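What follows is a short report on a single structure.
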Amino acid sequence: MKVRSLWSAAGAGVLAAVSLGVIGAGTPASAAGPVAPAAVMAPAASTAASWEATQIPLEQSAGDVTLTPDGKKAYVPVNKGVRADGDGEAGVAVIDTATGKTVTTIANERGGFDDRAVMSPDGKSLYTASWDGVTVIDTATDTVRSYIPAPGAPNGGGMLTDIAVDAGGLLYILEDAQVMPGGRWVSVVDPATGSVISSYSDPRGGSVSAEARMAVSPDGNHVYINNAAGPLDYESFFSLDTTSRQWQVHSIGATAHRGSAAGSIALSPDGSRLYLWAASGAGTGLHEVETATMTPKLINSASTGALHISRDGKTLYAATADANGAGFMEVDTSSFSIRSTASAEIEFVRSLTASPEGGHVYAVNRAVEEFQITDFTRS
């Protein structure tokens, strides 16, 4: 794998050694030596596009935002004071993107807050997840179709942390399954039946944090995980080869992102490039990993965690923040030049997505006293 980093540390940065270890079939490989960084690229002097921000109010808390393939509807899990006993109101807000209005809220009859959300490739199903399982929603009728318990939850020790889908529509569930051999646990599930097709535990053990994020290659042969927890994992992200069942740990010399920002990992549509967020004492960085090699490069930028990549892989949207508010930068993935930036008077961006044509960017964010979606419209 090749790692290229967008790094912010007083305008430049230093990339530490990158190492690769193979887990599951022997002793981890020895660490690679330091790799000289490429020339640091400066951001664009001026933005090429301007954006207008419109606020869409939500409930007290909000999770991932995702769109139907045609961009006509946005879905975001919302929460009205759900307590530990399950009482409260939670569900999924359905937003008409043409009007910016919430047209309905799909009730979560289980009572928990499903903060993770991912759309099936054909747009017919929405999957939302909380710590103990996945709710399947029919996007044609905006009703709950079924519920899939997390494989580790019935044993009393599983904690679902993220979900993803491959190009064929299979559902991947990442758990911190403490009662199972190996704390990191990935299950592949047929969403039509809820049955587990295969499962993979990390033989090294360890755990994943509640904010761990996962991406899956289109063919389902590779799974990537950012923000794993544990003393040895702070400077690492993980990959799983589902064919060989081998786990690998990749050290990037930075601390895997740990915080409230979602979407801190993104994979290009062809699976050739992985983008993940990490931080270190020297600065913070958005790393690019070419999945065929492992050669690090370094360019300059600033971001705060949440990521989204366009369907053609040509544009990466990365959350930003400063003293005046929060927003995103629009990055050309071929050159890593910054095409444009946008911000609004909000506290932070938790998750973001973009319309198919790139004319709208939707950011779930927190204002002073409430959550909302900011609809950034290109003008």
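The values are calculated or read from the model by the stated rules, or taken from the named source; none is laboratory data. Keep in mind it's a predicted model, so treat the numbers as computed, not measured. Counting neighbours? That spans all protein chains shown, and the Cβs are built from the backbone with ideal geometry, glycine included.
Observations on the model:
- Pairs where the first residue, in segment 185-197, is more than 24 Å from Tyr224 (Cβ to Cβ) and the second is hydrophobic (A, V, I, L, M, F, W, C) and surrounded by 14 or more Cβ atoms within 10 Å (Cβ to Cβ), C-beta under 8 Å, 6+ apart: Gly194/Ile148; Ser195/Val189
- Looking only at segment 222-234, and only at residues there that are within 15 Å of the chain's Cα centre (by Cα) and closer than 28 Å to Asp312 by Cβ, the one that is modelled with the lowest pLDDT: Asn227
- Cβ pairs under 7 Å, 6+ apart, first in segment 117-129 and touching a residue at least 12 places away in the same chain (Cβ under 8 Å), second of a type in the set (S, T, N, Q) and outside any strand (DSSP E or B): Met119/Thr68; Gly123/Thr68; Gly123/Thr139; Lys124/Thr139; Ser125/Thr139; Leu126/Thr139
So that you can scan it fast, the table gives a plain yes or no per residue for (1) in contact with an Asp or Glu (Cβ under 8 Å, 6 or more places away or on another chain); (2) farther than 17 Å from Asp64 by Cβ; (3) assigned to a loop (DSSP other than H, G, I, E, B); (4) of a type in the set (Gly, Ala, Ser):
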position	(1), (2), (3), (4)
Met329	no, yes, no, no
Val349	no, no, no, no
Pro356	yes, yes, yes, no
Asn365	yes, no, no, no
Thr374	no, no, no, no
Thr377	yes, yes, no, no
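- Residue check for Gly325: in contact with a Lys or Arg (Cβ under 9 Å, 6 or more places away or on another chain) and without any contact (Cβ under 8 Å) to a residue 24 or more places away in the chain: no
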